Amino acid sequence: MNTWLISDTHFFHEKIKQYCDRPDDWQDRILNNWKNIIKNDDTVYHLGDFMFGKIDHKINYLKEFITGNIILIKGNHERSGVSWFKNNLNIELIKNKFYIINVDDVKIALSHVPLNSNILVDNDIKVNIHGHIHNNYYFIKKEKDMVWFNVSVEQLNYKPINICNIIEYINDLKDKKELLINQCSISEDIG
């Protein structure tokens, strides 16, 4: 079982191609990458903006591609509620502003929007993995002892990223004697 992260897929959003300079086949890329990478027993944290608009008639199409145990952190485009996502797509929707996972005893906040450094400090969080900013701003940012990591699909070549790869990126920012996270053992709490 692996743990994957992705954000801002915006399935069926007609104008996202022009807003974020996506390739013509952006949706097919995401769906095919998802189906080829994610196994049924994998966990996928989708950090918001899963889809856009009314898609009731397109649910069966999506079900052909999306695999894994999906936990969706509510983004600014999630209009449907917890029961709709569970009943129609078997996706667990988290409405909290952020969700905490612990990796090697380091608290990591998963959120749609990048969290303010004060929230991280107040909650003793060292890492914020998020989406929302697409291909604007940064892929990874370090400030003091905190790290922000952007998993918007445009940053990830339209495919999910394994949590262990994120840890490697984060550790590359630190002195090897002071690794932030030593291994990929994950537990979770709602934040």
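The values are calculated or read from the model by the stated rules, or taken from the named source; none is laboratory data. The structure displayed is predicted, hence computed values, not measured ones. Because the Cβ atoms are built from the backbone with ideal geometry, glycine has one as well, and the counts that use them run over all protein chains shown. Calculation scope for accessible area: heavy atoms of the full protein, side chains included, ligands and nucleic acids excluded. Shrake-Rupley method; radii C 1.70, N 1.55, O 1.52, S 1.80 Å.
Numbers below:
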quantity	calculated
Pairs from LYS35/LYS86; LYS63/LYS142; LYS39/LYS144; LYS15/LYS107; LYS86/LYS142 whose Cα-Cα separation, in the structure shown, is over 31 Å	LYS63/LYS142; LYS39/LYS144; LYS15/LYS107; LYS86/LYS142
Computed FRET value (nearest 0.05) for ASP28 with PHE139, which takes r as the C-beta separation and R₀ as 30 Å	0.80
When region 1-142 is reduced to its Cα atoms, the Kirkwood hydrodynamic radius in Å	15.9
Accessible area per residue, Å², region 61-153 with all protein chains present, probe 1.4 Å	45
Sum of -39500 (n - 2.57) over DSSP H runs of 4+, divided by residues of the chain (222 nm, nearest 500)	-6500 deg cm²/dmol
Average Cα contact separation per residue, the chain, under 8 Å, 6 or more apart, as relative contact order %	24
Protein-only accessible surface order, largest first, of ILE166, ILE37 at 1.4 Å	ILE37, ILE166
Assigned charges on the beta-carbon of Lys, Arg, Asp, Glu; the chain dipole about Cα centre (debye)	340
